[in-house]
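These notes are about the structure you will find just below.
Any read-out appearing in this document is the output of simple, stated calculations on the displayed coordinates, not a laboratory observation. As the structure is a computational prediction, the values presented were derived from the model and not from experiment. Here the Cβ is made from the backbone with ideal geometry for all residues, glycine too, and neighbour counts use every protein chain on show.
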């Protein structure tokens, strides 16, 4: 039986990708913009105008003193799932951020609020910051449900947990910085030194699989360290956000016994698998 970490990782989908390029002048930037927009439009069937609404372009500093400027493209929302189909995996080395997202099915009506409160008020591994958007919010992407962030938002990996109006509870991992750079190097090395056509697609898929693993592990670790059995709050996990009336059966059940064992033996040296020793990719 697969572990809960594996079940969650398999249900993750890519929700955003950021590409960063050394800025080489306005002409080169324009050619790059045109290529990325056109590739996404062709792959998604959306108009060039609509594509530009989902792709955020910025010029930023490299982050180092005296560093050069960077052209960055943040591809989010529904467009991110067309990243590989659009052929943008050729820019694998330019990926500077990747988001992995999944959804949890509440075991009862107040499960989301109860889990956030328990996660926020408990003590354990990783800093957890809670927030309450308020029920008076006019944003269509806000339902007034409390949310939480596991880890520092400025760190290489943090995981958000929230719930939008009409959707299931959602958790999303944000991977970037040195941790992402390490994973990119490990992915390239894993597939050998011989490179061939199509390798960039394999690399992009493997990188996302690792981001999904890290996301699942971080949320579970934060929950377990606080003595929480996530299955007491959520019966399963899915890659689909809608609650009703569609997709009621499109989800995978989580193993409650596994969580009980982790919580029971969390203080036993060597029991908790908390440190990665390499890529944990499914065959």
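Among 128, 17, which comes first, then next, by fewest other beta-carbon atoms within 10 Å?
The fewest-first ordering by Cβ neighbours comes to 128, 17.
Extension gain, residue 257-residue 3: 0.36 nm per intervening residue step, less the Cα-Cα distance, totals 90.4 nm.
Based only on other Cβ atoms within 10 Å, what is the fewest-to-most ordering of 180, 104? Mind dumping the intermediate values first?
Details: 180 22, 104 26.
Fewest to most other Cβ atoms nearby, the residues stand as 180, 104.
One Cα centroid belongs to region 201-221, the other to region 92-115; the line between them spans 13 Å.
If you average the sequence gap of Cα pairs under 8 Å that are 6 or more apart and divide by the length of region 4-264, what percent do you get for the contact order? Reported as a whole number, the value is 24 percent.
Going by neighbour counts of Cβ atoms within 10 Å, the residues 46, 261, 1 line up, fewest first, as 1, 261, 46. Stretching the chain fully between residue 127 and residue 242 yields a gain of 38.4 nm (0.36 nm per residue, less the alpha carbon separation). At q = 0.11, 0.15, 0.21 Å⁻¹, work out log10 I(q)/I(0) for region 1-130 with the Debye formula, treating every Cα as an identical point scatterer and leaving solvent out; two decimals please. Taking Cα atoms of region 1-130 as identical point scatterers yields -0.57, -0.87, -1.18.
Its alpha carbons give region 4-264 an Rg and a Dmax of 19.4, 60 Å.
Simple spin-label estimate for residue 179 and residue 267 gives 2.7 nm between the two label positions (7 Å along the Cα-to-Cβ direction from each Cα).
Using a 10 Å cut-off on Cβ atoms, rank the peptides 5-11, 53-59, 37-43 from the highest mean neighbour count down.
Most protected by this proxy first, the peptides run 5-11, 37-43, 53-59.
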